[in-house]
1. Only one of (1) open to solvent by 30 Å² or more (accessible area, probe 1.4 Å); (2) within 26 Å of Asp35 (Cα to Cα) is not met by Leu194, so which one is it?
2. Based on this model, can you work out whether Leu210 counts as touching a Leu at 6+ places or on another chain (Cβ under 7 Å), under 30 Å from Pro42 (Cα atoms), surrounded by 12 or more Cβ atoms within 10 Å (Cβ to Cβ) and free of Cβ contacts under 8 Å to residues at least 40 places away in the same chain?
3. Can you find, within the range 80-111, the residue that is surrounded by the most Cβ atoms within 10 Å (Cβ to Cβ) among those that are in contact (Cβ under 8 Å) with a residue 60 or more places away in the chain and not in a loop (DSSP other than H, G, I, E, B)?
4. All but one of (1) more than 27 Å from Gly13 (Cβ to Cβ); (2) surrounded by fewer than 16 Cβ atoms within 10 Å (Cβ to Cβ) hold for Asp156, so report the exception by its number.
5. Of all residues in the range 61-71 being open to solvent by 20 Å² or more (accessible area, probe 1.4 Å) and either hydrophobic (A, V, I, L, M, F, W, C) or touching a strand residue (DSSP E or B) at 6+ places or on another chain (Cβ under 9 Å) (or both), which is farthest from Thr99 (Cα to Cα)?
6. Which of (1) open to solvent by less than 20 Å² (accessible area, probe 1.4 Å); (2) in contact (Cβ under 8 Å) with a residue 60 or more places away in the chain is the odd one out, the single condition Arg118 does not satisfy?
7. Taking the conditions exactly as written (under 22 Å from Pro193 (Cα atoms), in contact with a strand residue (DSSP E or B) (Cβ under 9 Å, 6 or more places away or on another chain) and in contact (Cβ under 8 Å) with a residue 60 or more places away in the chain), does Ser164 satisfy them or not?
8. Looking only at the range 43-53, filter to residues that are without any contact (Cβ under 8 Å) to a residue 60 or more places away in the chain and open to solvent by less than 40 Å² (accessible area, probe 1.4 Å); which one of those is farthest from the chain's Cα centre (by Cα)?
Amino acid sequence: MNRRPGYDGSGPGDITPDGCAVDFYRRLPVGTEPDVIAAAVPPPATLLELGCGAGRITRALTARGYVVTAVDESQEMLDAVEGCRTVRSRAEDLDLGETFDVVVLASFLVHAGDPAVRQALLRSCLRHVAADGLVLIQREGEGWHDIVPRERPLLDGVARVTASTDAGDGVRSVHVEYVFPDAHWTQTFLSRPLTTEQFEQALADAGLKLDRYLTSDGTWVSARP
């Protein structure tokens, strides 16, 4: 599968266009994301998950009673998703002709290196959220590109952000390693850091308005049409 410019990945199994290793995401457990989502919009509700990957969050959301439509550009990722409707598409190109109570844009996708892609992602959120619905967006934390290298435990392995280097025009090239006793994956991707003001302006430019910050660190945000 062709890589997006500036994105790459290595390791066992299939690698998606943005450098994600499918086998790595298949084994990755869910984190606190479903709790954040449920606190903002309790189930039952219809929910569109943009960039669902291998269903790490999806499974927890369906188990809680959400009616989920999960979207990803990688069929190999979607093959791991169970218990809900799946759609193969780039999130920024999606146009289902229907709306949902909740649209989720997680995995820091809002930090796409290309501003046009970022705005297309946000417009996709707007296009698919109900008039009285919410868009839930995950942002990078403060200092995310400054505290490098760093690592955190992950199952029986470790995740390491080894570099965040200047790629020009305000974009960073980020390199991450996932090291386990039986496997080693890498991913390189582009990220455009956004100040709070820049993020909120991007929402406004896409026709969304800030609702509130959902977490104390500001990494999860809700927005309305």
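1. Condition (1) is where Leu194 drops out.
2. Working: touching a Leu at 6+ places or on another chain (Cβ under 7 Å): yes; under 30 Å from Pro42 (Cα atoms): yes; surrounded by 12 or more Cβ atoms within 10 Å (Cβ to Cβ): yes; free of Cβ contacts under 8 Å to residues at least 40 places away in the same chain: yes.
Criteria met by Leu210.
3. So the first thing to find is which residues in the range 80-111 are in contact (Cβ under 8 Å) with a residue 60 or more places away in the chain, and the list is 101-102, 104, 106, 108, 110-111.
Applying the additional criterion that residues be not in a loop (DSSP other than H, G, I, E, B) yields 101-102, 104, 110-111.
Values: Asp101: 18, Val102: 24, Val104: 31, Val110: 24, His111: 22.
Checking each candidate, the answer is Val104.
4. (1)
5. Just the residues of the range 61-71 that are open to solvent by 20 Å² or more (accessible area, probe 1.4 Å), to begin with: 62-65, 67.
Now drop any that are not either hydrophobic (A, V, I, L, M, F, W, C) or touching a strand residue (DSSP E or B) at 6+ places or on another chain (Cβ under 9 Å) (or both), which leaves 62-63, 67.
Details: Thr62: 18, Ala63: 21, Val67: 12 Å.
Per the criteria, the residue is Ala63.
6. (1)
7. Details: under 22 Å from Pro193 (Cα atoms): yes; in contact with a strand residue (DSSP E or B) (Cβ under 9 Å, 6 or more places away or on another chain): yes; in contact (Cβ under 8 Å) with a residue 60 or more places away in the chain: no.
Considered against the rule, which asks whether it is under 22 Å from Pro193 (Cα atoms), in contact with a strand residue (DSSP E or B) (Cβ under 9 Å, 6 or more places away or on another chain) and in contact (Cβ under 8 Å) with a residue 60 or more places away in the chain, Ser164 comes out as no.
8. Per the criteria, the residue is Ala45.
The values are calculated or read from the model by the stated rules, or taken from the named source; none is laboratory data. This is a predicted model, so every value here is computed, not measured. All Cβ positions, even for glycine, are placed from backbone atoms using ideal geometry, and neighbour counts span all protein chains on display. Note: accessible area is taken over every heavy atom of the protein model, side chains too, but ligands, DNA and RNA are not part of it. Shrake-Rupley method; radii C 1.70, N 1.55, O 1.52, S 1.80 Å.
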